[in-house]
Amino acid sequence: MGYGAYLKELLVPLGVYDLAAGTVSEGELYALGTLLDTVAQRLETVERESLTATAEGEGLERRESLFARRPVADTAESRRAAIAALLQIDGDSLTPEAINRTIQGCGVRAKALEVDTGHLRVIFPEVNGVPPEFREIEDIVLDILPCHLEVEFYFRYLTWQECESMGLTWAGVEADLHTWESFELAVPTEEGV
């Protein structure tokens, strides 16, 4: 129900106004109602876009512009999660758990492991070789991680023993027309360590 109909319904019981169809009073109410409908739609949009949890377009774009790099996220839901992850970074965000929450919240499929004091290893679970979007991921991860940490990116490659245990043969790999790079990406691994 629009505001015009709502106003008419509100005023009819008073019996003061002539609100019959085609009267000036009815036209005036519907004109005011149309303006109120327009304002209500705009306010609804502003309210939706002002909250990270419900933003869909302009609200997400404005928040993403606050950061040095746009998160690796395509859908509105993943963009919201990435923004929330980036906004949570503070002085207490130096634990491996907090760093991983932020990295994964940005849509990056990577995991930071503490090798020793001041040294982190970033791995890519379930990914063989170098991820296709690595340059973008590297920039985002290095922006998130504190600058005093030494960061090492660790890529997982198949071993001969793993290939043999999966029953892979040279003939089968050649029949599938694999290059080294496509072979690394085609065979799934269980863990990126």
- prompt: What accessible area, in Å² to the nearest ten, does a 1.4 Å probe give for Val130?
  reply: 60 Å²
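For the stretch 1-159, what is the relative contact order in percent, using Cα pairs closer than 8 Å and at least 6 residues apart in sequence?
Dividing the mean separation by the residue count of the stretch 1-159 yields 14 percent.
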statement: Counting sequence-distant residues (5 or more places) and residues on other chains, those with an amide H built under 5 Å from that of Phe153 are Val122
- line: From most to least accessible, 1.4 Å probe, no ligand or DNA/RNA atoms counted, Val72, Val141, Val46 line up as Val46, Val72, Val141
- prompt: To the nearest 20 debye, what charge dipole does the stretch 1-126 have about its Cα centre, counting +1 at the Cβ of each Lys and Arg and -1 at the Cβ of each Asp and Glu?
  reply: 520 debye
query: What is the Cα radius of gyration of the stretch 1-155 over 2.2 N^0.38 Å, N being its residue count?
result: 1.75
task: Highest first, please rank the peptides 77-85, 173-181 by the mean number of other Cβ atoms sitting within 10 Å of their residues.
output: 77-85, 173-181
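Ignoring ligands, DNA and RNA, what percent of the accessible area of the chain is carbon or sulfur (1.4 Å)? Write out the running numbers ahead of the final one.
Numbers: 6960 of 12560 Å².
Exposed carbon and sulfur together represent 55 percent of the surface.
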field: Å² of accessible area per residue within the stretch 86-187, as computed with a 1.4 Å probe and no ligands counted
entry: 62 Å²
Unit charges at the beta carbon, dipole of the stretch 125-180: most positive-side option, Phe134, Met166, Phe155: Met166
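The values are calculated or read from the model by the stated rules, or taken from the named source; none is laboratory data. Just so you know, these numbers come straight off a predicted model, no measurement behind them. Because the Cβ atoms are built from the backbone with ideal geometry, glycine has one as well, and the counts that use them run over all protein chains shown. Each accessible area value is taken on the protein alone, full model and side chains, heavy atoms only, with ligands, DNA and RNA left out. Shrake-Rupley method; radii C 1.70, N 1.55, O 1.52, S 1.80 Å.
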